[in-house]
Amino acid sequence: VQLQASGGGLVQAGGSLRLSCAASGFTFSGYYIYWYRQAPGKRRELVASITSGDSTNYADSVKGRFTISRDNHKNTMYLQMNSLKPEDTAVYYCNAGLGAHSHWGQGTLVTVSS
């Protein structure tokens, strides 16, 4: 089982990034998918989620700016991040969950400069 996150980097405020997370080793299409983030000195927080039926949910802080999506044919999840703010700076983690099963990616750093 593996989740490989990519797409992080340094971007100016107002810019965009798209994170990807490629999954392998499990039946991706049946899992709920989550993106979390953890800023320095803060707790990990849930940013966005998408169910196996493509229902989405977002933290208030990113609503209207971030979009979560999935491609079950490619076993890949995405997080499109627009209008980035310095407070979005964090390590972003992908997660796939189904019942008692939970798989984590290794995290990708997003830094937003002001």
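The values are calculated or read from the model by the stated rules, or taken from the named source; none is laboratory data. The model shown is predicted, which means the values in this text are computed figures rather than measured ones. Virtual Cβ from ideal backbone geometry, glycine too; neighbours counted across all protein chains shown. Just the protein is used for accessible areas: all its heavy atoms, side chains included, with ligands, DNA and RNA removed. Shrake-Rupley method; radii C 1.70, N 1.55, O 1.52, S 1.80 Å.
Rolling a 1.4 Å probe across the protein heavy atoms gives the chain an accessible surface of 52 Å² per residue. I need the calculated FRET efficiency for the pair T27 and S69, taking r as the beta carbon distance and R₀ as 22 Å, to the nearest 0.05. Between T27 and S69 the formula returns 0.75. Computed over the chain with a Gaussian network model linking Cα atoms closer than 10 Å, the most mobile of D88, D60, D71 is D60. Taking a straight line from the alpha carbon of K63, these lysines sit under 17 Å away, with near neighbours fewer than eight places off in the same chain left out: K85.
For the pair S55 and Q4, the difference between a 0.36 nm per residue extended length and the Cα-Cα distance amounts to 16.1 nm. For the chain, the carbon plus sulfur part of the accessible surface works out to 47%, probe radius 1.4 Å. Considering only K42, K74, K85, the Gaussian network model of the chain with Cα springs below 10 Å gives its largest mean-square fluctuation to K42.
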